[in-house]
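Dumping the structure here so I can ask a few things about it.
The values are calculated or read from the model by the stated rules, or taken from the named source; none is laboratory data. Quantities reported herein were computed from a predicted structural model and do not represent experimental measurements. Methodologically, a virtual Cβ is constructed for each residue, glycine included, from the backbone with ideal geometry; neighbour enumeration extends over all protein chains shown. Calculation scope for accessible area: heavy atoms of the full protein, side chains included, ligands and nucleic acids excluded. Shrake-Rupley method; radii C 1.70, N 1.55, O 1.52, S 1.80 Å.
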Protein chains: 2
Amino acid sequence: MTRHQEKLTRFCAAFIDELALSGLKHIVISPGSRSTPLTMLFDNCPDIKVWMNVDERSAGFFALGIAKACMEPVAILCTSGTAAANYYPAIVEAKLAGVPLVVLTADRPHHLRDVGAPQAIDQIKLYGDQVKWFKEMPPQSDEKHTLQFVRKMARRAYSVSAASPKGPVHLNFPFEEPLIPSPDMDNLWTKGHSGSFYYENELGSIPEHQLFPLLHDIQSINKGLIVVGPVTNEEAIPYINAFAKQCGFPIIADPLSGMRSGDHDKTQIIDMYDAIFREPSIPDLLASDGVIRFGAMPVSKSFSTYLTKVEPKTYLIVDEKGSWRDPTHLSTQMIGMSPISFCQLLTSTLQMTKNDRWLSQWININRDIQKRVKDYSEEELWFEGQAFVEVLNEAKPEATLFVGNSMPVRDLDTFFISQEKKIHPMANRGANGIDGVISTALGAAAVRPSVILVIGDLSFYHDMNGLLMSKCYDIDITIVVVNNNGGGIFSFLPQAKESDRFEALFATSTDLEIEYAARMYKGKYSNPTTWQAFRKELQLANDEPGLKVIEIQTNRQENTSIHRKLWDDIQDIVKARLIP
Amino acid sequence: MTRHQEKLTRFCAAFIDELALSGLKHIVISPGSRSTPLTMLFDNCPDIKVWMNVDERSAGFFALGIAKACMEPVAILCTSGTAAANYYPAIVEAKLAGVPLVVLTADRPHHLRDVGAPQAIDQIKLYGDQVKWFKEMPPQSDEKHTLQFVRKMARRAYSVSAASPKGPVHLNFPFEEPLIPSPDMDNLWTKGHSGSFYYENELGSIPEHQLFPLLHDIQSINKGLIVVGPVTNEEAIPYINAFAKQCGFPIIADPLSGMRSGDHDKTQIIDMYDAIFREPSIPDLLASDGVIRFGAMPVSKSFSTYLTKVEPKTYLIVDEKGSWRDPTHLSTQMIGMSPISFCQLLTSTLQMTKNDRWLSQWININRDIQKRVKDYSEEELWFEGQAFVEVLNEAKPEATLFVGNSMPVRDLDTFFISQEKKIHPMANRGANGIDGVISTALGAAAVRPSVILVIGDLSFYHDMNGLLMSKCYDIDITIVVVNNNGGGIFSFLPQAKESDRFEALFATSTDLEIEYAARMYKGKYSNPTTWQAFRKELQLANDEPGLKVIEIQTNRQENTSIHRKLWDDIQDIVKARLIP
């Protein structure tokens, strides 16, 4: 057996195995060459019935018939070329009739497309708007993350086609020759229960037969973590809090979760986790066996790294319907449900055996780090993190703190220590762009009082024109521009060491004078150079209407080294606590 | 016969008649209800052979066979729903094999789509990237411009499918019930020759059998006009000039044509046509029977109006391959060929009987108006048009004059009198946006010397961030900002009279101080308030490197009335010349 065969086999079998685990029972295959690896492995899979049908048009409708009769997803598979086009009538019917079909097409690899190779048509989004979802699959590989991804795509294909309104989905597989797999390899097929991966219920309930295994999974967690990413609805906070209390798990609370401030109980809130996870030994010292995440992935990169290393036995994601946010490919269940409905449903029925030592370990380390960060900020060093400490102190209760992407949201993560005074955090974390931030913050300020935006100079420049809305509609806003003259975040990345072209290609200093922008839009401008002066400007801005621009000039190199020193200190604390 | 039937019949017959005139000889129809009007009228058309085939998949391939055998476009027609999806395999094959197919699908009208009506699938762009061109047709109507449009779409469908590389095109027809047409109506079918509408030849030649009728058409023109719109290649100027001389036609030269300046012979250049065409009696007094246009449509709206009223017997467009720019739907021939190749081919072979009186009429009126405009500009009134007079005077030879859209390009049209000194005009006339103008001009200035941009304040505001490139790369540019505090062009439109919300909804004053923008990007700023001072700033700017911003503040109301007065004067001149 060649390496190529091995990769091809593992890749296809992972996909088919996961389709079977998801519940797929039937596939209708039309014979062809390019689809050989999938055809042979479907035929070898013990749990899926293979039907052969030489005419793809007929095959599509035959599968439609099975799917209509049992109201479960049915797969169809064909080779590349016009074969795939023959599925179109059945796909159109499936879309409109709400019949779940998983359409699989084999394709030439990228280098044989659109270059006149035989039987190679453009299969990317071949069925346009007639399918619910399209995925171009990667070339075959048996790397771990590829196989995880392939399994997730099988789950997703099955789940999306089965989710209301049911309908067809399409996955296109580029295959490189030779096309013969090795169905005799070991461990291709999983036996037995795999849990139901995706629930989706608008009514906020989970069917009995799915609820029991779910409760069982959660109750089996010994060292659990609740993770709360950026959530769109702050009303969920007390429900998540009650659920976490019932579980006895620490709460990893993203700065945009809304959980770090307000009068709710914050005993279990771990706000310093980004610093904790930076210590490389944490995945060994504090390995979790069960993570329950609400909302999007947290901002913290060190958290993602931790998750990938730990690979918790249970990783349950409660997220918006159809959002499928799991770049780690590690989730074991994905629940498309509001956090409120989920917590309401489970909190009262959970019977947990609590691990008090686990929880107190987290609370103690977190407390030590909070203290270190507070001490650090009392030194009043001139660096960017301090701006957040001051802004959080000076902001009025119920103020909205909008932060730019790139550095500001990360600094907020590090310096936002949980507090009683309620602050509403906001940021554009859909695509994490540095564009449009001023306009979005002004949109929020148009309907909310006391909005403070903290933004870097590059992001400020990008949406400078957005300031016009403040002038035209007299919108009140305080904008703190952290001006390090360029893209600060790049100084933390490896390219910073490529110094001769670094400034030109990444840092992109604009050398702009922010003052002119403020003046152009009739804003009040100040440029404090001490934290005392900065606090005074914030206090003035709190009470003044209109646009207030407060510029803080910082130095990228100094800023990087002050940040690094703090993280080093924190790592010492973590080690001192955990290593006897 | 109902009005509905009348509209339905005229609409469909116009389409089919024009397909037949284009050369279509075969259609393969699959029976269905929604396609009834086209089916019955195709069957009635004397020049098209109808083949019936009940299976659309087979019908598609059968048509493919005819088209492959005679290498001419063949049409297929089916009803709405999955019927259309059955064409997909043949369409995919046609695309890749380069076989011309005109795919016609009937559809439900808009109010019956995506609302659960039977047999209504989403047919918009149903075949995705597998067709060369898609057109959603309008609801049936027998209004003149609709019938003109429908004929043009038939021509275009045939021509695009037949143009190299040949392939399928798709037109989708929404039909309202009742679906029965009246094939017995009069004058549905044109008899005889209609000219070959579209040539496309990369080699720059026209086949003999098409060249003869083309020469005949041009030689039959008595009162001809050459129209030169914005052209991308100034090298075409001497060729177009020679062709115009051979024809003896006046040259309507758009300000972006490049024909208004330079050392070529400008005897036949008519640069004041926008003012001439504003006189409503011109379509009667100076009706052309043959227009030959090079490049895009000119900026002048009064020219379009003239064209629509005159409906010249011949309207020949020589334009970039595949651009099909004819919003009037009046073109009689469209030639996808470079102006240079076209003029080279025809100039020497043309045998014209010249109409000297026609030419001298145009030249004389134009001369009178030039004089009036010059007199006007010598008064040195403070209005926007004067800025162009001054800029054209002060610009260095071979300078590039980039103008913003909306008012600047129109003012250039009025005030750019033909001159010996060569000026290269530029503007973004693809989509005519006010966005990105500064960045585009800076891009030009990065590779060309002496670039002057004249731009309105709103367009300046829109792309203010673009100025950064000038600062970062030391790009030399002079920017004249004509600041009338808002969207000046709206003052010329009917909504200007809706005064109470006009300022808020259209004029959108920004009240920006341009100076801050100039300072922010280290530009030199000046704000002259007399034309003498303006000239001095232009002269200084000519010799200074970097960014120079010269702001001219004007008043929208005054500006409108000064413009109006000039046009009134010009109309008097036109009438005096033409009305005995």
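Does segment A:379-413 hold any residues that are at positive phi and at pLDDT below 95, and which are they?
A:380, A:406
May I pose another question? For segment A:548-570, give me each residue that is surrounded by fewer than 17 Cβ atoms within 10 Å (Cβ to Cβ) and part of a helix (DSSP H, G or I).
Once the filter is applied, which keeps residues that are surrounded by fewer than 17 Cβ atoms within 10 Å (Cβ to Cβ) and part of a helix (DSSP H, G or I), segment A:548-570 yields A:557, A:558, A:561, A:564, A:565, A:567, A:568, A:569.
If I filter segment A:436-447 down to residues being within 14 Å of chain B (Cβ to nearest Cβ) and of a type in the set (Gly, Ala, Ser), which single residue comes out as farthest from residue B:511 (Cα to Cα)?
A:436
Restricting attention to segment B:101-108, does a residue exist that is within 18 Å of residue B:7 (Cβ to Cβ) and more than 14 Å from chain A (Cβ to nearest Cβ)?
yes
Within segment B:448-469, which residues are under 17 Å from residue B:428 (Cα atoms), open to solvent by 30 Å² or more (accessible area, probe 1.4 Å) and more than 10 Å from chain A (Cβ to nearest Cβ)?
Listed by number, the residues that qualify are B:448, B:458.
Looking at segment A:499-507, can you tell me whether even one residue there is within 13 Å of another protein chain (Cβ to nearest Cβ), within 25 Å of the chain's Cα centre (by Cα) and closer than 23 Å to residue B:521 by Cβ?
Within segment A:499-507, not a single residue is within 13 Å of another protein chain (Cβ to nearest Cβ), within 25 Å of the chain's Cα centre (by Cα) and closer than 23 Å to residue B:521 by Cβ.
Return the residues of segment B:408-425 that are among the aliphatic types (A, V, I, L, M) and more than 19 Å from residue B:550 (Cα to Cα); say none if nothing qualifies.
B:417, B:423
Does residue B:364 count as of a type outside the set (A, V, I, L, M, F, W, C), over 24 Å from residue B:552 (Cα atoms) and modelled with pLDDT of 95 or more?
In short, yes.
Please go through (1) within 30 Å of residue B:96 (Cα to Cα); (2) touching a Ser or Thr at 6+ places or on another chain (Cβ under 8 Å); (3) among the hydrophobic types (A, V, I, L, M, F, W, C) for residue A:225 and return the number of the only condition it doesn't satisfy.
For residue A:225, the exception is condition (1).
Filter segment A:508-519 down to residues that are more than 7 Å from every other protein chain (Cβ to nearest Cβ) and under 16 Å from residue A:406 (Cβ atoms), then give me how many there are.
So the count comes out to 2.
Applying the selection to segment A:90-100, what residues are buried (at least 24 other Cβ atoms within 10 Å of the Cβ) and within 12 Å of chain B (Cβ to nearest Cβ)?
Listed by number, the residues that qualify are A:90, A:91, A:92, A:94.
May I ask you to list the residues in segment A:73-106 that are of a type outside the set (A, V, I, L, M, F, W, C) and in contact with a helix residue (DSSP H, G or I) (Cβ under 7 Å, 6 or more places away or on another chain)?
Correct list: A:73, A:82, A:86, A:87, A:88, A:89, A:93, A:95, A:100, A:105.
Okay, moving on. Go through the residues of segment A:520-535 one by one and say whether even a single one is facing another protein chain (nearest Cβ under 9 Å) and not aromatic (Phe, Trp, Tyr).
Checking segment A:520-535: at least one residue is facing another protein chain (nearest Cβ under 9 Å) and not aromatic (Phe, Trp, Tyr).
Which count do you get for residues in segment B:232-255 that are closer than 18 Å to residue B:428 by Cα, surrounded by fewer than 24 Cβ atoms within 10 Å (Cβ to Cβ) and touching a strand residue (DSSP E or B) at 6+ places or on another chain (Cβ under 8 Å)?
Going through segment B:232-255 one residue at a time, the tally reaches 1.
Inspect all residues belonging to segment A:495-516 and state whether any of them is out of contact with any Lys or Arg (no Cβ under 8 Å at 6 or more places or on another chain), in contact (Cβ under 8 Å) with a residue 40 or more places away in the chain and on the phi > 0 side of the Ramachandran plot.
Yes - at least one qualifying residue is present in segment A:495-516.
Being in contact with a Phe, Trp or Tyr (Cβ under 8 Å, 6 or more places away or on another chain) and basic (Lys, Arg) is true for just one of A:223, A:301, A:266, A:191. Which residue is that?
Just a single option satisfies the conditions, and that option is A:223.
Hey, any hits in segment B:116-137 for a residue that's within 11 Å of chain A (Cβ to nearest Cβ), at pLDDT 95 or above and on the phi > 0 side of the Ramachandran plot?
Scanning segment B:116-137 turns up at least one residue that is within 11 Å of chain A (Cβ to nearest Cβ), at pLDDT 95 or above and on the phi > 0 side of the Ramachandran plot.
Continuing with the same structure: Got a sec? Which of B:409, B:391 is touching a strand residue (DSSP E or B) at 6+ places or on another chain (Cβ under 9 Å), within 20 Å of residue B:487 (Cβ to Cβ) and in a helix (DSSP H, G or I)?
From the options B:409, B:391, the qualifying one is B:409.
Let me ask you something else. Would it be correct to say that residue A:156 is within 14 Å of chain B (Cβ to nearest Cβ) and open to solvent by 10 Å² or more (accessible area, probe 1.4 Å)?
When the stated conditions are applied, residue A:156 does not pass them.
Which ones in segment B:1-14 are surrounded by fewer than 24 Cβ atoms within 10 Å (Cβ to Cβ) and either within 16 Å of residue B:101 (Cα to Cα) or among the polar types (S, T, N, Q) (or both)?
Passing the criteria: B:2, B:5.
Just give me the residues in segment A:430-447 being under 17 Å from residue B:462 (Cα atoms) and in contact with a strand residue (DSSP E or B) (Cβ under 8 Å, 6 or more places away or on another chain), in sequence order.
Result: A:437, A:438.
Could you please find all residues in segment B:44-89 being assigned to a helix (DSSP H, G or I), more than 14 Å from chain A (Cβ to nearest Cβ) and without any contact (Cβ under 8 Å) to a residue 60 or more places away in the chain?
Listed by number, the residues that qualify are B:62, B:63, B:65, B:66, B:67, B:68, B:69, B:70.
Something else about it: Tell me, which residue of segment A:29-86 that is basic (Lys, Arg) and surrounded by fewer than 24 Cβ atoms within 10 Å (Cβ to Cβ) is nearest to residue A:174 (Cα to Cα)?
Checking each candidate, the answer is A:57.
If you don't mind, another one. Select from segment A:451-475 the residues that are more than 29 Å from the chain's Cα centre (by Cα), not β-branched (Val, Ile, Thr) and not in a helix (DSSP H, G or I) and list them in ascending order.
A:474 - this is the single residue of segment A:451-475 that is more than 29 Å from the chain's Cα centre (by Cα), not β-branched (Val, Ile, Thr) and not in a helix (DSSP H, G or I).
For segment A:476-498, name all the residues that are open to solvent by 20 Å² or more (accessible area, probe 1.4 Å) and either under 26 Å from the mean Cα position of the chain (by Cα) or away from chain B (no Cβ under 14 Å) (or both).
Selection gives A:476, A:489, A:490, A:492, A:493, A:494, A:495, A:496, A:497, A:498.
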